[in-house]
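Here is the structure we will look at, set down as structure tokens.
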Amino acid sequence: MSSENPESPVTTRALRVVPEEGGQRLELAEIELPPRRPDQALIRVAYGGVCGSDLHYWMHGAAGASILRHPMVLGHEVVGTVEEAAADGSGPAAGTPVAVHPATPGDDGVTRYPAGSPNLSPRATYLGSAAHDPHTEGAFSRLAVLDARMLRPLPEGLSLRDAALAEPAGVALHAVSRAGDLRGKEVMVIGCGPIGALIIAAAARAGAARITAADLHASALERARQLGADQTLHRPDAAAAAEVQADVVFESSGSWQGTDTAIRGAVRGGRVLMVGLLPPGQQPVDLSIAIARELEMVGCLRFNDEIDEALTALADGSLRTGPIVSHVLDLDDAPEAFELARRAEDSCKVLLRF
């Protein structure tokens, strides 16, 4: 550990996913903390949200095209308190409550991408991601060594528990920013899990005139109504989706069925935001409709600095989040938390308490 503080802890309890023959298992283990660079801080993690990618690594051994090859600490939706500040003086002081921006941009010197979109940089890493080998360890641990530049001090009055939604709220706000001006627009959201629910709240905050929410589960649609949806569709067929004629559709289910519904639900000349992470490979979607209607299909990947806007919106209450956190369980109950999180009919955002 850092020479500035020889009393620093050297191990911590963490949640890992371990690939095995025939599947993956969750493991609570004591792990070694890495040596700390001068620009890194030691964080005492308070809460971590179970994300869809965490579930995919556990259930399928992959999240999209990122394949789990080695044991990996999960978790990127984390908040906590600075235990020891970075030795070089960068970042917040010890004792500061912080949210974590989990991305590290990375340029390969060859691939072109917009200068203002570091989320698209080809060698970008994300906490708890198997996109590269070696994998990037996550922060589902009682203590975590993190770059000081990742840390965002919480606004006055925002609790750590409420701030635990900052990372997924950043994803939602990035998608809404990619949609353009929503004031007076008809909006449709396909898939009302945590990200879809936050998109509904963000679209309402952005001035959407009418929001239609579609999902497979009645419980998710009830949350959608609480967050600002004006109309809900339970398992809509093609005809029901086509009746919506939304100016902007957010596809947040990450399924080909949701993508097909999104295309059918968009008005001619409308825009479809692809937020949900589809599995790799070909998808059986009727794109002829998108061509015939001159739809704009827009990809959305994580976020850039929208986590800062998310923290402000969570603090001032302009982003409604009331029903989104459905369960809070202790780290030692992580297997139960993951079982809950994968049952979309019984849960929304499940938090681990560290």
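The values are calculated or read from the model by the stated rules, or taken from the named source; none is laboratory data. This one's a predicted model, so the numbers in the text were calculated from it and none came from an experiment. Virtual Cβ from ideal backbone geometry, glycine too; neighbours counted across all protein chains shown.
Key figures
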{"read-out": "Exclusive hit being of a type in the set (A, V, I, L, M, F, W, C) and under 24 Å from LEU221 (Cα atoms), set LEU311, LEU278", "value": "LEU278"}
{"read-out": "Residue satisfying condition, being in contact with a strand residue (DSSP E or B) (Cβ under 9 Å, 6 or more places away or on another chain), within 28 Å of ALA201 (Cβ to Cβ), of a type outside the set (Lys, Arg) and not assigned by TED's automatic domain parsing to the domain that holds LEU33, within set LEU182, LEU146, LEU160", "value": "LEU182"}
{"read-out": "Filter result for ALA41 (over 22 Å from the mean Cα position of the chain (by Cα), surrounded by 22 or more Cβ atoms within 10 Å (Cβ to Cβ) and touching a residue at least 12 places away in the same chain (Cβ under 8 Å))", "value": "yes"}
{"read-out": "Strands (runs of 3 or more DSSP E) completely within the stretch 236-348 that count 3 or more residues being modelled with pLDDT of 95 or more and surrounded by fewer than 21 Cβ atoms within 10 Å (Cβ to Cβ)", "value": "266-274, 296-299, 325-330"}
{"read-out": "Subset of the stretch 175-217 (residues that are in a loop (DSSP other than H, G, I, E, B), surrounded by 24 or more Cβ atoms within 10 Å (Cβ to Cβ) and not small (Gly, Ala, Ser))", "value": "CYS192"}
{"read-out": "Verdict on ARG25 being in a strand (DSSP E or B) and out of contact with any Asp or Glu (no Cβ under 9 Å at 6 or more places or on another chain)", "value": "yes"}
{"read-out": "Within the stretch 113-143, considering residues that are among the charged types (D, E, K, R) and out of contact with any helix residue (DSSP H, G or I) (no Cβ under 8 Å at 6 or more places or on another chain), the one surrounded by the fewest Cβ atoms within 10 Å (Cβ to Cβ)", "value": "ASP133"}
{"read-out": "Cβ-Cβ under 8 Å pairs, at least 6 apart or on other chains, the stretch 105-125 side in contact (Cβ under 8 Å) with a residue 24 or more places away in the chain, far side hydrophobic (A, V, I, L, M, F, W, C) and surrounded by 12 or more Cβ atoms within 10 Å (Cβ to Cβ)", "value": "PRO118/ALA103; PRO118/ALA124; ASN119/ALA103; ASN119/LEU301; ASN119/PHE303; LEU120/LEU301"}
{"read-out": "Unique match (being touching a Ser or Thr at 6+ places or on another chain (Cβ under 6 Å), assigned by TED's automatic domain parsing to the domain that holds ALA144 and among the small types (Gly, Ala, Ser)) among GLY89, GLY80, GLY106", "value": "GLY106"}
{"read-out": "Subset of the stretch 48-82 (residues that are more than 22 Å from ALA166 (Cα to Cα) and assigned to a strand (DSSP E or B))", "value": "ALA62, SER66, ILE67, MET72"}
{"read-out": "Hits in the stretch 219-276 - residues which are of a type in the set (Ser, Thr, Tyr) and in contact with a strand residue (DSSP E or B) (Cβ under 7 Å, 6 or more places away or on another chain)", "value": "THR232, SER252, SER253, THR259, THR261"}
